[in-house]
Structure formats: structure tokens, C-alpha cells
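Just so you know, all these numbers are worked out from the coordinates, no wet-lab data involved. Bear in mind that the values here come from a model prediction, so they are computed numbers and not experimental data. All Cβ positions, even for glycine, are placed from backbone atoms using ideal geometry, and neighbour counts span all protein chains on display.
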Amino acid sequence: MRRRILITAAAATGILALSACSGGGGGAGGMDARGGITIWYSNNDAEIAWGEQMVEAWNADHPDEQITAQEIPAGSSSEEVIGASITAGNAPCLIFNTSPAAVPGFQRQGGLVNLSEFPDGEQYITERSGDLADQYRSDDGGFYQLPWKSNPVMIFYNKDLFAQAGLDPENPKLSTYDEFLETARTLKSAGVAPYAINPAPTSEFFQSWFDFYPLYAAQTGGTQLVEDGTATFADANGEAVAEFWRTIYGEQLAGNEQYQGDAFADAQAAMAIVGPWAISVYGDSVNWGSVPVPTEQGTSADETWTFSDAKNVGLFTACENKATAWDVLKFATSEEQDGEWLNATGQMPLRQDLTTVYADYFSANPAYEQFGAQAARTVEVPNVQNSVEIWQAFRDGYSKAVIFGEGDVSSFLSDAKTQIDQLAAGN
């Protein structure tokens, strides 16, 4: 199963409603209060195993500041559960499963602590994550989330299907849009799979993170969808990316109806846009290779950007013992624990010099090395007001113009920019 942000349409509606609230949460204990804390982590088996060892290691040395941990409670989505806990005032101290797209809404609810207000908060975050940390700042300059881990997305391709189509499985031509389209057409015409690539064509706001946004990040050298309060995509770069995907759909190189299952695993598509989680998921069941996402003219791998698919850590205002929570957060994201995380999950800590710090890991696990290098060049969703609404507005226009070929791309981009500029301004 794909390790994506699982948010249903109903849950998205819930997030929209929660982000409109300004109450809930409420400040509890002071920033210097200490004692026991509660934390939530993901219900993914590998993440649970990491969380259990982290908690055990902390608790062994802190008898008066014990961690009580549990999986995030079940719900339509983790974001909906977190938002509801803020409203109820019973959020845990730390949640190791916080979507950056949901942070502006949680912050507006009053649910998140500004980590920059700890004496060493700013220094710790920026020294650990480097320049990438700035993408996670809120409008007031503070950090209401700690950049934690990413799953930089790349192109996985099925070497066996490429070989069956007469393509070179070791050096596939996928770097430029023209090369990618030529390769996709060859795969389609050879009949090795129904589709060359098959990203989800559904309308949920987050789906553009796995088709348009990685290629836009690559095409622009690391530009977010919204910067300085203004949409960036209504230009030649945005049009190039959108037209590329429109051609993919127009020639039925991808399907515009949802496939019930994993198209790549089931050989219904010869390629997929995935993160490092896919290495363990597909394992030996697919003879895969990986390359960076394409750009219009082609970009070298060491200069290509992509979408981060990150999850971060929030410290919530309902927490009574915030000083302990901050110390636990630093412990859980220390060099040692980041190494434990990498070993347990194969997901990339948002840490500077990742491949150097964990050189032994990448030497022993070469399949992950390309993702480790890519993690230094990732673009996050914009940390702006109405984040979810912005992505939904974009997806609605994209679905109509690109996936279903109605209207023209330039009008879609222009109209979406107008709407998104208003949303980013808080309207």
C-alpha cells in the first residue's frame, strides 16, 4: 500500500471546517514545566517499532519525566483526529505524524506551540535541517512544527516491462519531457501494460503532490506553489508541466479513471511516482529502477528538485509539561535517533548532510542512496493560510483542464492563480 497522506474527501471537509476555528487547544503548563508527557505516533509497523525503542531509551534515563505513547487514534484521517483533539483540549504533547499542509489550520486553532520560543528552538531546528527548514516557518517567522522526515518522490520504473518493450532498462530515456513521452508511447504501443504511468486521477486536494507538484519543483529548481503570498505557477514553467501531463492523459498514457489497487505492483503501469517507502513495499516483487522526475529540457540528478512528502512533529498547547516535551523532541530527532529512524523505516530524516552523517547506512543499503541525496533538494507545500483550500482549488482546475482535457491550460493556471492569491491573503 502506498505510504501517502491518507485523507478522504470527507476528512478534507473536516479539515476545512477545523481550520476556520480559532478556539480550542488553549495554553496549559508553562514553557519550563517538567514531568510526564504523552505522545502519538503513526500506526505504521516500522514507525511503531522505532517509537517503542525511542520511548524505552528515554524512559530508562528519566524516571521523573516518563513518556506515555500510543498510536494515533483511528479516524477518517490523522489530520481530522488531531484537529478534533485540539478543539477538545486533549491533544497529546507531541504528535510524530503532523502533515505540513495541516499546520496552518492547527496553528489558527491555537493548538501548536511556537518552538522558536524555546531558548534553543531556532538554533536547534536550523542547525539540524539547514536551509530546508525555512520552508516550514509560519507567517510570523516562528516554527510551529519541527521538520522531521521526508519521502522525496522519484520515478520508479519496471525494468522487465521496459525490456519487453525494447527499451534499455538500465539507462531509460526519461530525463526530458520529449524523452519521457517517447518512452511512454513505446511502452503503450508495445502493449506491456495498459498505461505507461498512472498517478491517481481523483480529486482529493493532496493528489497534485504526486503528479504536478514534483515536476513543477524540478522544472523551477525548487519553487513552491505559493511564495511571498502569491501563486507562482501561472507562467511558462507551470504551463510546461501542465501541458506535459495533459499530453500524457490525452494520449491515454495514463488513465483518467481510478484504478482499484496499486497499478505499479499489478503491472498495470510501467512507472510510478513514489518515495523511498516503495523500496520495501515492492522489494523483489517488481524488478524496479529509479530516476529523478523529468524536466522540460533535462536536469542532472544532482540538481533535480522534487516534492518532499514530509511528515513533521508538532508540540501542542494542551501539553502541561512543555519543557520535557521539547527535550523529548530533541532526543527523538538527535543524530542517534535519526539513525535509528533511518534503519527502521528507510525514510529520510530532514537533516543536513544526510548521506555523509549516515554514510555507513547508505553504503550498506545502496538502493536508498539516491533518495538520501534527493532529500537535500525537496520542496514542501506552502505554509500559508487556507493551505488545504488552496490545494483543493488547484486540484479542481487541474482535474478539469489536464486530466479531462476541458478548456485550455493557460486559462486554468490564470484562474487558479486568481483564486489562490485570494485564499493566501486570508479571503
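Near Ser78, once Lys and Arg are set to +1 and Asp and Glu to -1 for all other residues with Cβ below 11 Å from its Cβ, the sum equals -2. Note on the chain: lysine pairs with Cα distance below 23 Å, sequence gap of 8 or more or different chains, count 10.
Only DSSP H runs of four or more residues enter the estimate; each adds -39500 (n - 2.57), and after division by the residues of the chain the mean residue ellipticity at 222 nm equals -11500 deg cm²/dmol.
GNM on the chain, alpha-carbon springs under 10 angstrom: the most fluctuating residue among Ala234, Ala60, Ala193 is Ala60. Loop-located trypsin sites (Lys or Arg not before Pro) across region 282-342 with a Cβ neighbour count of 16 or fewer within 10 Å are lacking, with loop assigned by DSSP.
GNM on the chain, alpha-carbon springs under 10 angstrom: the most fluctuating residue among Ala325, Ala69, Ala49 is Ala49. With K and R counted +1 and D and E -1, the other residues having a Cβ less than 10 Å from that of Trp148 yield a net charge of +3. Restriction of the GluC sites (Glu not before Pro) in region 338-427 to DSSP coil positions whose beta-carbon has at most 16 other beta-carbons within 10 angstrom yields Glu406.
Here the Karplus curve 6.51 cos²θ - 1.76 cosθ + 1.60, taken at θ = phi - 60°, turns the phi angles of region 136-146 into couplings of 9, 6, 8, 4, 7, x, x, 9, 9, 8, 9 Hz, with x standing for Gly and Pro. Where in region 256-304 are there GluC sites (Glu not before Pro) that are in a DSSP coil and have at most 15 other Cβ atoms within 10 angstrom of their Cβ? Of the GluC sites (Glu not before Pro), the ones in loops of region 256-304 whose Cβ has at most 15 other Cβ atoms within 10 Å are Glu257.
If you add up the charges near Asp61, with Lys and Arg at +1 and Asp and Glu at -1, over every other residue whose beta carbon is less than 15 angstrom from its beta carbon, what do you get? For residues surrounding Asp61, the net value is -3.
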